[in-house]
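What follows is one structure encoded as C-alpha coordinates, with my remarks underneath.
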Ligand code: HEM
Ligand code: HEM
(Lines give C-alpha, C1' and ligand atoms only; values in the text may rest on other atoms or scores of the structure.)
(Ligands and ions follow the chains in the order given, each with its own letter.)
Protein backbone atom coordinates (compact mmCIF):
# COMPACT_ATOMS: atom_id res chain seq x y z
CA UNK A 1 0.00 0.00 0.00
CA UNK A 2 1.49 3.37 -0.91
CA UNK A 3 0.25 4.96 2.32
CA UNK A 4 2.27 2.59 4.50
CA UNK A 5 5.53 2.93 2.58
CA UNK A 6 5.40 6.67 1.80
CA UNK A 7 7.60 8.83 4.03
CA UNK A 8 5.47 10.55 6.70
CA UNK A 9 4.77 14.23 6.05
CA UNK A 10 3.20 15.01 9.42
CA UNK A 11 3.90 14.31 13.08
CA UNK A 12 1.97 11.32 14.50
CA UNK A 13 -1.13 11.93 16.63
CA UNK A 14 0.85 10.80 19.70
CA UNK A 15 3.70 13.24 18.97
CA UNK A 16 1.15 16.06 18.51
CA UNK A 17 -0.69 15.16 21.73
CA UNK A 18 2.57 15.13 23.70
CA UNK A 19 3.74 18.36 22.05
CA UNK A 20 0.62 20.35 22.92
CA UNK A 21 0.05 18.81 26.35
CA UNK A 22 3.64 19.50 27.38
CA UNK A 23 3.60 23.00 25.83
CA UNK A 24 0.62 23.91 28.04
CA UNK A 25 2.12 22.21 31.09
CA UNK A 26 5.47 23.98 30.67
CA UNK A 27 3.90 27.42 30.33
CA UNK A 28 1.78 26.66 33.43
CA UNK A 29 4.62 25.39 35.61
CA UNK A 30 6.86 28.30 34.61
CA UNK A 31 4.17 30.79 35.63
CA UNK A 32 3.55 28.97 38.93
CA UNK A 33 7.32 28.93 39.59
CA UNK A 34 7.54 32.72 39.17
CA UNK A 35 4.38 33.37 41.17
CA UNK A 36 5.13 31.10 44.14
CA UNK A 37 8.63 32.50 44.69
CA UNK A 38 7.14 36.01 44.88
CA UNK A 39 4.74 35.07 47.71
CA UNK A 40 5.48 35.71 51.38
CA UNK A 41 5.90 32.63 53.58
CA UNK A 42 2.41 31.21 54.06
CA UNK A 43 0.49 27.91 53.77
CA UNK A 44 -0.53 28.98 50.23
CA UNK A 45 3.12 29.33 49.23
CA UNK A 46 3.94 25.90 50.66
CA UNK A 47 1.01 24.35 48.80
CA UNK A 48 2.10 25.91 45.49
CA UNK A 49 5.67 24.68 46.03
CA UNK A 50 4.34 21.15 46.39
CA UNK A 51 2.12 21.46 43.32
CA UNK A 52 5.07 22.87 41.39
CA UNK A 53 7.24 19.90 42.37
CA UNK A 54 4.54 17.33 41.56
CA UNK A 55 3.83 18.97 38.21
CA UNK A 56 7.58 19.09 37.52
CA UNK A 57 8.01 15.38 38.25
CA UNK A 58 5.00 14.60 36.01
CA UNK A 59 6.54 16.70 33.22
CA UNK A 60 9.80 14.82 33.69
CA UNK A 61 7.99 11.46 33.32
CA UNK A 62 6.04 12.65 30.26
CA UNK A 63 9.27 13.98 28.73
CA UNK A 64 10.84 10.53 29.14
CA UNK A 65 7.83 9.03 27.35
CA UNK A 66 8.12 11.69 24.67
CA UNK A 67 11.83 11.04 24.15
CA UNK A 68 11.17 7.30 23.90
CA UNK A 69 8.45 7.95 21.32
CA UNK A 70 10.72 10.33 19.41
CA UNK A 71 13.58 7.81 19.31
CA UNK A 72 11.31 5.06 18.01
CA UNK A 73 9.30 7.21 15.55
CA UNK A 74 11.27 9.34 13.12
CA UNK A 75 9.76 12.82 12.73
CA UNK A 76 8.78 13.83 9.19
CA UNK A 77 11.72 15.20 7.21
CA UNK A 78 11.44 18.86 6.24
CA UNK A 79 9.65 19.11 2.88
CA UNK A 80 12.18 19.51 0.02
CA UNK A 81 10.76 22.93 -0.95
CA UNK A 82 11.01 24.21 2.65
CA UNK A 83 14.53 22.86 3.01
CA UNK A 84 15.59 24.49 -0.24
CA UNK A 85 14.18 27.83 0.93
CA UNK A 86 15.99 27.68 4.29
CA UNK A 87 19.61 28.86 4.46
CA UNK A 88 22.00 26.37 6.05
CA UNK A 89 22.13 28.32 9.36
CA UNK A 90 18.35 28.11 9.67
CA UNK A 91 18.39 24.35 9.19
CA UNK A 92 21.10 24.07 11.83
CA UNK A 93 19.12 26.37 14.17
CA UNK A 94 15.99 24.27 13.56
CA UNK A 95 17.75 21.06 14.65
CA UNK A 96 19.77 22.68 17.45
CA UNK A 97 16.65 24.27 19.00
CA UNK A 98 14.81 20.95 19.08
CA UNK A 99 17.81 19.14 20.59
CA UNK A 100 18.36 21.84 23.23
CA UNK A 101 14.65 21.84 24.10
CA UNK A 102 14.80 18.09 24.71
CA UNK A 103 17.93 18.52 26.85
CA UNK A 104 16.21 21.17 28.99
CA UNK A 105 13.02 19.06 29.37
CA UNK A 106 15.23 16.86 31.55
CA UNK A 107 17.75 19.31 32.97
CA UNK A 108 15.24 21.82 34.41
CA UNK A 109 13.14 19.36 36.48
CA UNK A 110 16.18 17.26 37.49
CA UNK A 111 18.01 20.37 38.75
CA UNK A 112 14.82 21.40 40.60
CA UNK A 113 14.62 17.94 42.16
CA UNK A 114 18.32 18.04 43.12
CA UNK A 115 17.85 21.46 44.74
CA UNK A 116 14.83 20.26 46.67
CA UNK A 117 16.72 17.21 47.94
CA UNK A 118 19.86 19.18 48.87
CA UNK A 119 17.74 21.76 50.69
CA UNK A 120 16.28 18.95 52.83
CA UNK A 121 12.77 18.90 51.32
CA UNK A 122 12.39 15.44 49.82
CA UNK A 123 9.53 15.08 47.32
CA UNK A 124 6.44 13.13 48.30
CA UNK A 125 4.59 12.81 44.98
CA UNK A 126 0.93 13.87 45.41
CA UNK A 127 1.57 13.65 49.14
CA UNK A 128 1.54 9.84 48.77
CA UNK A 129 4.70 8.46 47.15
CA UNK A 130 8.09 9.43 48.61
CA UNK A 131 10.64 9.89 45.81
CA UNK A 132 14.33 9.15 46.35
CA UNK A 133 16.88 11.90 46.93
CA UNK A 134 19.74 11.62 44.47
CA UNK A 135 21.92 14.24 46.14
CA UNK A 136 22.70 14.47 49.87
CA UNK A 137 21.12 17.07 52.18
CA UNK A 138 23.70 19.87 52.25
CA UNK A 139 22.97 23.58 52.63
CA UNK A 140 26.06 24.70 50.64
CA UNK A 141 25.20 22.34 47.79
CA UNK A 142 21.60 23.61 47.82
CA UNK A 143 22.79 27.23 47.49
CA UNK A 144 25.07 26.16 44.63
CA UNK A 145 22.27 24.38 42.75
CA UNK A 146 19.48 26.90 43.39
CA UNK A 147 20.37 29.53 40.76
CA UNK A 148 20.78 26.81 38.11
CA UNK A 149 17.13 25.81 38.32
CA UNK A 150 16.17 29.40 37.61
CA UNK A 151 18.81 29.87 34.90
CA UNK A 152 17.89 26.64 33.11
CA UNK A 153 14.16 27.46 33.35
CA UNK A 154 14.80 30.91 31.79
CA UNK A 155 16.93 29.30 29.06
CA UNK A 156 14.02 26.95 28.32
CA UNK A 157 11.62 29.90 28.17
CA UNK A 158 13.95 31.82 25.83
CA UNK A 159 14.24 28.83 23.49
CA UNK A 160 10.46 28.43 23.49
CA UNK A 161 10.06 32.10 22.48
CA UNK A 162 12.54 31.55 19.63
CA UNK A 163 10.79 28.31 18.63
CA UNK A 164 7.32 29.89 18.59
CA UNK A 165 8.61 32.94 16.67
CA UNK A 166 10.11 30.61 14.06
CA UNK A 167 6.87 28.59 13.83
CA UNK A 168 4.86 31.80 13.34
CA UNK A 169 7.33 33.10 10.75
CA UNK A 170 6.98 29.86 8.76
CA UNK A 171 3.21 30.13 9.00
CA UNK A 172 2.53 33.81 8.34
CA UNK A 173 5.54 34.98 6.32
CA UNK A 174 6.84 31.93 4.46
CA UNK A 175 3.36 30.30 4.34
CA UNK A 176 5.05 26.94 3.82
CA UNK A 177 2.63 24.69 5.76
CA UNK A 178 5.19 23.71 8.44
CA UNK A 179 2.82 24.52 11.30
CA UNK A 180 0.12 22.22 9.88
CA UNK A 181 2.47 19.25 10.42
CA UNK A 182 2.01 19.77 14.17
CA UNK A 183 -1.74 20.54 14.06
CA UNK A 184 -4.35 17.78 14.17
CA UNK A 185 -6.88 17.32 11.37
CA UNK A 186 -5.24 19.27 8.57
CA UNK A 187 -4.33 17.20 5.54
C1 HEM B 1 10.16 21.63 33.53
C2 HEM B 1 9.85 21.74 34.79
C3 HEM B 1 10.06 22.97 35.62
C4 HEM B 1 10.07 24.31 35.28
C5 HEM B 1 9.87 24.94 33.90
C6 HEM B 1 10.33 25.05 36.50
C7 HEM B 1 10.42 26.44 36.59
C8 HEM B 1 10.64 27.15 37.73
C9 HEM B 1 10.71 28.59 37.82
C10 HEM B 1 10.55 29.57 36.65
C11 HEM B 1 10.96 28.91 39.12
C12 HEM B 1 11.14 30.32 39.71
C13 HEM B 1 12.59 30.61 39.75
C14 HEM B 1 12.87 31.84 40.55
O15 HEM B 1 12.47 32.92 40.12
O16 HEM B 1 13.53 31.69 41.60
C17 HEM B 1 11.05 27.68 39.87
C18 HEM B 1 11.33 27.60 41.23
C19 HEM B 1 11.43 26.40 41.91
N20 HEM B 1 11.29 25.13 41.40
FE21 HEM B 1 10.88 24.66 39.49
N22 HEM B 1 10.48 24.17 37.55
C23 HEM B 1 10.31 22.90 37.05
C24 HEM B 1 10.39 21.71 37.76
C25 HEM B 1 10.68 21.61 39.10
C26 HEM B 1 10.84 20.37 39.85
C27 HEM B 1 10.70 18.95 39.27
C28 HEM B 1 11.15 20.70 41.12
C29 HEM B 1 11.43 19.82 42.31
C30 HEM B 1 11.08 18.60 42.38
C31 HEM B 1 11.18 22.14 41.20
C32 HEM B 1 11.47 22.86 42.34
C33 HEM B 1 11.49 24.22 42.43
C34 HEM B 1 11.76 24.94 43.66
C35 HEM B 1 12.04 24.32 45.03
C36 HEM B 1 11.71 26.30 43.33
C37 HEM B 1 11.92 27.50 44.27
C38 HEM B 1 13.33 27.93 44.25
C39 HEM B 1 13.43 29.17 45.10
O40 HEM B 1 12.99 29.13 46.25
O41 HEM B 1 13.92 30.18 44.57
N42 HEM B 1 10.91 22.67 39.95
N43 HEM B 1 10.87 26.62 39.01
C1 HEM C 1 6.26 25.45 25.73
C2 HEM C 1 5.98 25.49 24.44
C3 HEM C 1 6.58 24.59 23.38
C4 HEM C 1 7.57 23.65 23.46
C5 HEM C 1 8.38 23.24 24.69
C6 HEM C 1 7.75 23.08 22.12
C7 HEM C 1 8.67 22.09 21.79
C8 HEM C 1 8.80 21.48 20.56
C9 HEM C 1 9.71 20.43 20.22
C10 HEM C 1 10.71 19.78 21.20
C11 HEM C 1 9.54 20.11 18.92
C12 HEM C 1 10.30 19.04 18.12
C13 HEM C 1 9.40 17.85 18.02
C14 HEM C 1 10.15 16.60 17.66
O15 HEM C 1 10.81 16.55 16.60
O16 HEM C 1 10.07 15.66 18.44
C17 HEM C 1 8.50 20.97 18.40
C18 HEM C 1 8.03 20.97 17.11
C19 HEM C 1 7.15 21.91 16.61
N20 HEM C 1 6.52 22.92 17.32
FE21 HEM C 1 6.69 23.29 19.28
N22 HEM C 1 6.87 23.68 21.27
C23 HEM C 1 6.14 24.61 21.99
C24 HEM C 1 5.16 25.44 21.51
C25 HEM C 1 4.82 25.57 20.20
C26 HEM C 1 3.90 26.56 19.66
C27 HEM C 1 3.12 27.58 20.49
C28 HEM C 1 3.86 26.37 18.31
C29 HEM C 1 3.09 27.11 17.26
C30 HEM C 1 2.92 28.41 17.23
C31 HEM C 1 4.76 25.26 17.99
C32 HEM C 1 4.98 24.75 16.74
C33 HEM C 1 5.75 23.65 16.44
C34 HEM C 1 5.88 23.08 15.11
C35 HEM C 1 5.19 23.61 13.84
C36 HEM C 1 6.74 22.00 15.21
C37 HEM C 1 7.20 21.08 14.09
C38 HEM C 1 8.37 21.67 13.36
C39 HEM C 1 8.68 20.84 12.15
O40 HEM C 1 7.77 20.61 11.36
O41 HEM C 1 9.82 20.37 12.02
N42 HEM C 1 5.33 24.81 19.17
N43 HEM C 1 8.08 21.80 19.42
Hey, can you tell me all the residues within the stretch 70-90 that are closer than 17 Å to residue 9 by Cα and surrounded by 12 or more Cβ atoms within 10 Å (Cβ to Cβ)?
70, 73, 75, 76, 78, 79, 82, 83
Checking residue 81 against (1) touching a residue at least 24 places away in the same chain (Cβ under 8 Å); (2) assigned to a helix (DSSP H, G or I); (3) touching a helix residue (DSSP H, G or I) at 6+ places or on another chain (Cβ under 8 Å): exactly one of these is not met. Which one?
(3)
Quick one: which helices (runs of 4 or more DSSP H) lie wholly within the stretch 1-74 and hold at least 2 residues that are closer than 24 Å to residue 154 by Cβ and more than 9 Å from ligand 1 (Cβ to nearest atom)?
13-38, 43-72
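Every residue, every condition in (1) within 13 Å of ligand 2 (Cβ to nearest atom); (2) more than 16 Å from residue 23 (Cα to Cα), yes or no:
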{"site": "119", "(1), (2)": "no, yes"}
{"site": "122", "(1), (2)": "no, yes"}
{"site": "125", "(1), (2)": "no, yes"}
{"site": "151", "(1), (2)": "no, yes"}
{"site": "169", "(1), (2)": "yes, yes"}
{"site": "182", "(1), (2)": "yes, no"}
Report yes if some residue within the stretch 148-166 is assigned to a loop (DSSP other than H, G, I, E, B) and within 19 Å of residue 49 (Cβ to Cβ); otherwise report no.
no
Per the list (1) at pLDDT 95 or above; (2) within 11 Å of ligand 1 (Cβ to nearest atom); (3) surrounded by 12 or more Cβ atoms within 10 Å (Cβ to Cβ), residue check on residue 147 breaks on (3)
Given the structure, is residue 118 surrounded by fewer than 18 Cβ atoms within 10 Å (Cβ to Cβ) and more than 15 Å from residue 150 (Cα to Cα)?
no
With respect to residue 61, determine if the residue is within 24 Å of the chain's Cα centre (by Cα) and without any contact (Cβ under 8 Å) to a residue 40 or more places away in the chain.
yes
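The values are calculated or read from the model by the stated rules, or taken from the named source; none is laboratory data. These numbers come from a predicted model, not from an experiment. Neighbour counts run over all protein chains shown; Cβ positions are idealised from the backbone, glycine included.
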